[in-house]
Amino acid sequence: MATASANQPGQSGPFNLRTIVLVTILSLLVWLLAESRTIRTDTVELTPSLEFTPDTGVLTRAALGTSWPDSLEVTFSGSTAGLDQAIRAFSGRLVMSVGIEVPAAPGVHEIDLRELIRTSDIATDAGVTVVEVDPPQVVIQVDALAEADLPVRVRTPEGVAFEASGSARTVPNSVRVVGPQEVIDRLASSEAFVSLEPSAFVGMVPGRVSTLSGLRVELPEDPDRWATRIEPAQVGVTMTLRSRTAEFTLSAMPVLLMIAPGEVGRWSVQLEPGSQDLVGIEVVGPSDQIGRLRSGEALPSAFISLGFDDLERGITAKAAQIQGLPPGVTVKPGQALEVRFTVTRSQTPGEPG
């Protein structure tokens, strides 16, 4: 009997320890369950951004008079588990898809951020509610993506002159402008341009083709141009600076006869075949004045002038003169300007033959 009573305390020790551990674990589970279902609030910071699908075909910006927030402060309410789930799912970002959360139709759209987050799959799945969002809304302008091809003109400093066939031109001679429809519409009938500073012409040899590369293309001033790009953004320019002097071959000029007024009617002058025109006469002079000959602005003519002595002596040849040449333009020396002709005295009534 003494032995049996001595074993009782040893048998109850392990049993009591197991009971304590079990009760502790159950108490902890109950606490965790209660804690997970406790309603609390939490404020998190989300970075807003827009997402586009490849076929959206629109451009967006914060509407005029508004700004795009760098971050949002969102206050959620819900269970601890739900809040943790929502915070993990958002991962610090609020992504709004154009065409889903943001309308893709051109215009200005006001987005209620609290309603957008409240009805999102993340908030719904986590079972949390949105108490407050700061700022509460964003206003987004949406416009269709459009494009237009514009010619490119070269702007040069005053006083820079080019050869007639070597004016400054860009390569390529047009660019494509891509941007919002409202911006592209304002560019209708406009030109893009490249501006050249005086320093760009340093080292160029007049009369030779020169090429510049990597020049930035610009568009006419527009105070509300946004999301617009130029393709290509840089072009090259080729040009030929006007030489100080230039040469030119005149077109064939009929030779005119000029006789002293007192001798008209007393003499007959006939140009010989091959002398009726001056052909292939070369002239030289300032480039800008030679340009007038090339363009047809200046039209010179050839003539011979016969005075009394010339007619009396019966000369048969004389060098032609050229009139109407622009200032500074002269005939190159060494050219044959001689005109051959025959002179005969005209008979008058009563005069012996």
Simple SL model, points at 7 angstrom along Cα→Cβ for TRP68 and GLN137; separation in nm is 2.0
Counting only backbone N atoms under 19 Å from a point 7 Å out along Cα-to-Cβ of ASP288, the residues of the range 234-266 in range are 240-248
Relative contact order of the range 246-345 (C-alpha contacts under 8 Å, at least 6 apart) in percent is 39
Between GLU272 and THR330, Cβ-based FRET efficiency (R0 22 Å, step 0.05) works out to 0.25
Under the helix-only model (-39500 (n - 2.57) for each DSSP H run of 4 or more, divided by the residues of the chain), the mean residue ellipticity at 222 nm, to 500 deg cm²/dmol, is -7000 deg cm²/dmol
Assertion target for SER287, SER210, ordered by fewest C-beta neighbours within 10 angstrom first, is SER210, SER287
Fraction of alpha-carbon pairs in the range 117-267 farther than 28 Å apart, rounded to whole percent, equals 56
If one compares the long axis through the Cα atoms of helix 2-36 with the longest principal axis of the Cα atoms of the chain, the angle in degrees, nearest 10, works out at 30
Options (1) 1.05; (2) 2.35; (3) 1.12 are given for Cα Rg over 2.2 N^0.38 Å, and the computed one is (2)
Low-density loop GluC sites (Glu not before Pro), the range 252-298, at most 10 other Cβ within 10 Å, DSSP non-H/G/I/E/B, are GLU297
Computed for the chain: size of charge dipole around the Cα centre, +1 on C-beta of each Lys and Arg, -1 on C-beta of each Asp and Glu, debye to nearest 20, value 960
The answer for the net charge of residues other than GLY166 whose Cβ lies under 13 angstrom from its Cβ, with Lys and Arg +1 and Asp and Glu -1, is +3
Once Lys and Arg are counted +1 and Asp and Glu -1 for all other residues with Cβ under 15 Å from that of GLN276, the total becomes -1
Quick calc of log₁₀ I(q)/I(0), the range 246-345, Debye, one scatterer on every Cα, no solvent, q values 0.15, 0.24 1/Å, result -0.64, -1.18
Other residues with Cβ under 15 Å from the Cβ of GLY92 give, with Lys and Arg +1 and Asp and Glu -1, a net charge of -3
Taking Cα atoms only, helix 80-90 is inclined relative to the longest principal axis of the chain by an angle, in degrees rounded to 10, of 20
ILE39 and ALA227 label points (each 7 Å along its Cα→Cβ direction) are spaced in nm at 4.2
Restricting to Cα pairs under 8 Å and 6 or more apart, the percent relative contact order of the chain works out to 12
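All of the numbers you see were taken from the coordinates with simple rules; none came from a lab. Keep in mind that what you see is a predicted model, and the values were worked out from it rather than measured. Virtual Cβ from ideal backbone geometry, glycine too; neighbours counted across all protein chains shown.
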